[in-house]
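Notes for the one structure printed next.
Readers should treat all values here as calculations from the given coordinates under stated rules, not as data from a laboratory. Just so we're clear, the structure is a prediction, and the values are computed from it rather than from any experiment. So basically every Cβ, Gly included, is an ideal-geometry build from the backbone, and we count neighbours across all protein chains shown.
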Amino acid sequence: MSGVQGRVVAALTLRATMGRKRAFLFAIPPLVLVLVTVALRLAHPERAAWPVDILGVFGLSVVLPLTALIIGTSVLGAEIDDGSIVHLLATPVSRPLVIGVKYAVAAVLTMVFVAVPELLAGLIATGGATKLAVGLFAGALAGSLMYNAVFVMISALTTRAIAVGLLYALIWEGVLANLVPGARLLSIGQYSLGIANSIAHNAGLNAALSLSTAVVMGLLVTAAALVIAARRLASFSLKGEPA
Amino acid sequence: MTTIELSHVSRWYGNVVAINDITMSIGPGVTGLLGPNGAGKSTLLHLAAGFLPPSRGELTVDGRPSWHNPGIYRAVGLVPERDSVYAFLTGEAFVRATAQLQRLPDPAAATRRAIGIVEMADAKDRRISTYSKGMRQRIKVAAALVHDPAVLLLDEPFNGMDPRQRLHMMDLLHRLGEQGRTILFSSHILEEVERLSGTIQVIVAGRLAASGDFRAIRRLMTSRPHVFVVRTSDDRRLGAALIGRPAVTGVEVTGRGLQVRASDYGAFSRELAVLAKDQGIRLRELLPADESLESVFAYLVET
């Protein structure tokens, strides 16, 4: 079995990702999210509209994609950038296994750094395990799974993964998906919102997609991204003479 | 017996040809891949290591194509040129991780053995980030050797090493070659290849310029025509005398002295001083004009 290989890839990925100073970057947005929530909660003890804005718009549409972007592009992209991936790939380890394990590490890290704080903020904001808090938690978990597949794929395809990922998150999801209704069908942010809204039933989330559309599209995009990433890694090549 | 076989292999990037129709067979023992920077040595090693597909032609290791075939890494170890390792690991952890990725039955024993071969046991518990260049190179070799591969590929293994580390690495590669492994390493330094390998492959501008026994190629290199620049008290008169000698094939009067082309290096160097003395001409300066490695390689390509 390839259990040993999987464990080694996971351990290397985790240490390479968390060992860098970048790891502090992961922690800042969720910390801001929780702190802002606590501050707002103290300022507005009464029920108001703000939990949807801060948790839905800021939490799900800003903190989640940006944190997933940093993590998702680190797990594979950092090793490709510095060339250490060669030591991993110069062994008979299966390429789909490398992608699968790195993706799993990224998804779990994103859940820990975003979905859990999102739940925590939801509990604080709404004063308990409300539909909104649980719905947003579910949306964040699903988003962690979907975003990371795409960002791992992007880092297998290009060395400018962070720039490309940022363009996707800001331009496609942030602008186009708001202006062009058709673009929402290809927006992971909308899948996450659709899943969150199926539990929360809150018009303030502005979810455009139904649960079934969000789940089916999310699964398709995730699977396609991982297959493309594994194929691309199997064709990983070293450039000729170093300049 | 494991061989690396190239059959009419070419590799290009856009319009740039990095490897041009190379056919060669590399068998057990140490083989040096010699050529100036940018000649295509790294490209060839990457092709052999399965980290680059040939644009044309066929490349096999042990009879199997190396591209899209991770299975070959059970028989192949690669020491890349780039000094990029998991620097946060200790030397031992790095080698052991490789042993586990190879799914060796006893990774701990294999790790000990590989670290022993490169004589890094004393430093194995230190982080790689604290290693010197030579130690990093050795730990990379240990990782590449941990599964006891029949083929070892090394890209510029002596780069950045001090003379002592260099000797140690040469000795190591020599021993590995004597054990019957197929060792292929690249270098742009003549002396490294000369000391280490009986067989060399010279690559210039993507082409195989010379191939075979080192001594034969060395002779070819020293017997090539040499160009000298001579400054004297009377360039024209010496030039006239020199052109009468069989060892000299050309003389040109230039602003910076006489440019002399000699077909026989030894005869020319013996005759020059005698000739000048007989003519009563003073020699002020004698400089070899084309001693760069590139010109040596260029000559090999022409012949």
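Among B:Leu287, B:Phe94, B:Pro225, whose Cα sits farthest toward the positive end of the charge dipole of chain B (+1 at Cβ of Lys/Arg, -1 at Cβ of Asp/Glu, about the Cα centre)? Farthest towards the positive end: B:Phe94.
For the segment B:80-91, counting C-beta atoms of other chains within 10 Å of every residue's C-beta and taking the mean gives 5. What FRET efficiency, computed as 1/(1 + (r/R0)^6) with R0 = 45 Å and r the Cβ-Cβ distance, is obtained for A:Asp81 and A:Glu46, rounded to the nearest 0.05? Between A:Asp81 and A:Glu46 the formula returns 0.35. Segment A:77-127 and segment B:2-23 have Cα centres spaced 38 Å apart. Residues considered: B:Leu101, B:Leu44, B:Leu89. Largest GNM mean-square fluctuation over chain B, using C-alpha springs under 10 Å, is found at B:Leu101.
Under a model in which nothing but the beta-carbon of Lys, Arg (+1) and Asp, Glu (-1) is charged, the protein assembly as shown shows a dipole of about 440 debye around its Cα centre. Tell me whether segment B:69-156 comes out rounded, prolate or oblate; compute the Cα gyration tensor, take square roots of the eigenvalues as a ≥ b ≥ c, and use a/c under 1.5 as the rounded threshold. Oblate, since a/c reaches 1.5 and b/c is not below a/b.
For segment B:91-198, which GluC sites (Glu not before Pro) pass both filters: DSSP loop (anything but H, G, I, E, B) and at most 15 other C-beta atoms within 10 Å?
Those that pass, being in a loop and sparsely packed, are B:Glu119.
First select every other residue whose beta carbon is under 14 angstrom from the beta carbon of B:Asp125; then total the charges, Lys and Arg +1, Asp and Glu -1. Net charge in that neighbourhood comes out at +3. Under a GNM of chain A (C-alpha, springs under 10 Å), which listed residue has the highest mean-square fluctuation: A:Gly174, A:Gly218, A:Gly59? Per the Cα network of chain A with a 10 Å cutoff, A:Gly174 tops the list. Determine the sum of side-chain charges near B:Ile22: Lys and Arg each +1, Asp and Glu each -1, restricted to other residues whose C-beta is under 10 angstrom from that of B:Ile22. Here the count lands on +1. Subtracting the Cα-Cα distance of B:Arg164 and B:Ser10 from their residue separation scaled by 0.36 nm leaves 51.7 nm.
Along the axis of the charge dipole computed for the protein assembly as shown (Cβ charges of +1 for Lys and Arg, -1 for Asp and Glu, origin at the Cα centre), the listed residues A:Pro30, B:Ile183, A:Leu64 are led at the positive end by A:Pro30. Between the listed residues A:Ser235, A:Thr159, A:Leu219, the Cα displaced farthest toward the positive end of the dipole of chain A, a dipole computed from Cβ unit charges relative to the Cα centre, is found at A:Ser235.
For chain B, what is the relative contact order in percent, using Cα pairs closer than 8 Å and at least 6 residues apart in sequence?
20
Restricting segment A:83-183 to trypsin sites (Lys or Arg not before Pro) that sit in a DSSP loop and have at most 16 other Cβ atoms within 10 Å of their own Cβ leaves A:Arg160. Cβ crowding within 10 Å, taken as a proxy for footprinting-reagent exposure, orders B:Leu286, A:Leu88 from fewest neighbours to most as B:Leu286, A:Leu88. In terms of its C-alpha gyration tensor, chain B comes out prolate, because a/c is 1.5 or above and the ratio a/b outweighs b/c.
In the structure shown, the pairs A:Lys102/B:Lys41; A:Lys239/B:Lys124; B:Lys41/B:Lys140 are assessed against 29 Å; a Cα-Cα span above that value is assigned to A:Lys102/B:Lys41; A:Lys239/B:Lys124.
Counting, for every residue in A:87-99, the Cβ atoms of other protein chains within 10 Å of its Cβ and taking the mean gives 6. At what distance in angstrom do the alpha carbon centres of segment A:132-163 and segment A:169-222 lie from each other? When both Cα centres are located, 13 Å separates them.
For B:Ile115, the shell of other residues with beta-carbons less than 10 Å away shows a net charge of +2, using +1 for Lys and Arg and -1 for Asp and Glu.
As a calculated quantity, the FRET efficiency between B:Ile243 and B:Thr130 at R0 = 45 Å, using C-beta atoms, amounts to about 0.10.
Annotation for segment A:2-101: trypsin sites (Lys or Arg not before Pro) lying in DSSP loop with at most 14 further Cβ atoms inside 10 Å of their Cβ are A:Arg20, A:Lys21, A:Arg47.
Among A:Phe58, A:Phe151, the order by Cβ neighbours within 10 angstrom, fewest to most, reads A:Phe58, A:Phe151. The A:Asn178 and A:His201 beta-carbon pair, evaluated with R₀ = 25 Å, returns a calculated FRET efficiency of approximately 0.70. Label the protein assembly as shown by shape, choosing from rounded, prolate and oblate, from the square roots a ≥ b ≥ c of the eigenvalues of the Cα gyration tensor; if a/c is under 1.5 it is rounded, and otherwise prolate applies when a/b is larger than b/c, oblate when it is not. Since a/c reaches 1.5 and a/b is larger than b/c, the shape of the protein assembly as shown is classed as prolate.
Panel values: chain A, Kirkwood radius from alpha carbon pairs, Stokes-Einstein at 4 °C and 1.567 mPa s, translational diffusion coefficient 70 µm²/s.
Mean separation of Cα pairs under 8 Å and 6+ residues apart, divided by the residue count of chain A: what relative contact order is that in percent? Walk me through the intermediate numbers first.
Numbers: 323 pairs, mean separation 58.0, N = 243.
Relative contact order of chain A: 24 percent.
The modelled label-to-label distance for the pair B:Leu220/A:Arg15, using points 7 Å beyond Cα in the direction of Cβ, is 4.7 nm. Each helix, a run of at least 4 DSSP H residues, gives -39500 (n - 2.57); summed and divided by the residues of chain B, these come to -10500 deg cm²/dmol at 222 nm.
Among A:Ala115, A:Ala163, A:Ala125, the residue with the largest mean-square fluctuation in a Gaussian network model of chain A, with springs joining Cα atoms closer than 10 Å, is A:Ala163.
Give the distance, in whole Å, between the Cα centre of segment B:78-120 and the Cα centre of segment B:166-236. Result: 31 Å between the Cα centres.
Taking other C-beta atoms within 10 angstrom as a stand-in for reagent exposure, B:Tyr86, B:Tyr265, A:Tyr147 fall in the order B:Tyr265, B:Tyr86, A:Tyr147, fewest first.
Taking the DSSP bridge list for segment B:4-221 and keeping only pairs wholly inside it, about 55 percent are antiparallel.
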